[in-house]
Amino acid sequence: MNREGEEKGEGTAPAKPSWEEIQKYGQRIRVCKNGPYQVFGGIPLSVQRIVLDKDGFSSEWREEEKFPVQDQYILCRCGRSGTRPFCDGIHKEIFFMGTEHASREPYISQSKEYAGPDLVLTDAEILCSVAKFCERAGGIWKLTLESANKEAREIAIREAAACPSGRLVVWDKMTQTPIEPKFEPSIGLVEYPPGRFERPGLGQGRHPHHLR
Ligand code: SF4
Ligand code: FES
């Protein structure tokens, strides 16, 4: 996410980008100071729901609703808009303080390594968003340790690919390259199953935090 606009905006309605800005930056997200996310470049927006398997584990993503593609739009960051996921300006009336931001420490230095025979798993636990794709079939850590088994290896790769937080990456042990699917840029509003939230700040409902 591009946070370069954080010093601008001051929680007011975001300024329309100039043609030069769009040309220069293309698709991008600006975090307005104490205000919304400003999205440029026609990035697709849709609702994504987590599908559970018969045992109650998260197993796949299902796209449920696509919003009409707009060249630019503003997403609520304060959580109080009456027109969510879009910003309606209420952040100014409630004096929203949007100062929290992610660590800039590189992923690798935040993560622990688990080495199996065919796969290596890197795990930066601090990034977890509790979507729980990693718990199926004994869990991704056990699957990594059993990755000489073709089925265990494939499930571990699928679990890391579905993880929305960026916490988990599986690497091919021989080539030392990450095994990651290619995604077109998009924003997903995540619908979590009831009772899934265990962390403050992540209430049930639609959260624009699944960015690919
Ligand atoms: S690590 Fe990823 S898949 Fe596992 S619970 Fe956290 S967000 Fe979900
Ligand atoms: S950020 Fe504007 S209403 Fe929430």
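The values are calculated or read from the model by the stated rules, or taken from the named source; none is laboratory data. As the structure is a computational prediction, the values presented were derived from the model and not from experiment. Here Cβ is always computed from backbone atoms with ideal geometry, including for glycine, and neighbour counts include all displayed protein chains.
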Test result for Glu100, loosely packed, with under 12 Cβ neighbours inside 10 Å, of a type outside the set (S, T, N, Q) and modelled with pLDDT under 90: yes
Hey, Thr144 among the polar types (S, T, N, Q), surrounded by 20 or more Cβ atoms within 10 Å (Cβ to Cβ) and more than 16 Å from ligand 2 (Cβ to nearest atom) or not: yes
Based on what the data block shows, is Pro181 within 22 Å of Asp53 (Cα to Cα) and part of a loop (DSSP other than H, G, I, E, B)? yes
Those residues that are within 16 Å of ligand 2 (Cβ to nearest atom) and either in contact with a Ser or Thr (Cβ under 8 Å, 6 or more places away or on another chain) or of a type in the set (A, V, I, L, M, F, W, C) (or both), I need them from the range 92-125; list them, please. Lys92, Ile94, Phe95, Phe96, Met97
I need a count of the residues in the range 60-102 that are in a strand (DSSP E or B), among the hydrophobic types (A, V, I, L, M, F, W, C) and over 24 Å from Cys128 (Cβ atoms). 2
Which pairs do you get when a residue that is basic (Lys, Arg), found in the range 42-60, comes within reach of a residue that is more than 16 Å from ligand 2 (Cβ to nearest atom) and assigned to a strand (DSSP E or B), reach meaning Cβ atoms under 6 angstrom, with the pair 6+ apart or on two chains? Arg49/Arg62; Arg49/Glu64; Arg49/Glu191
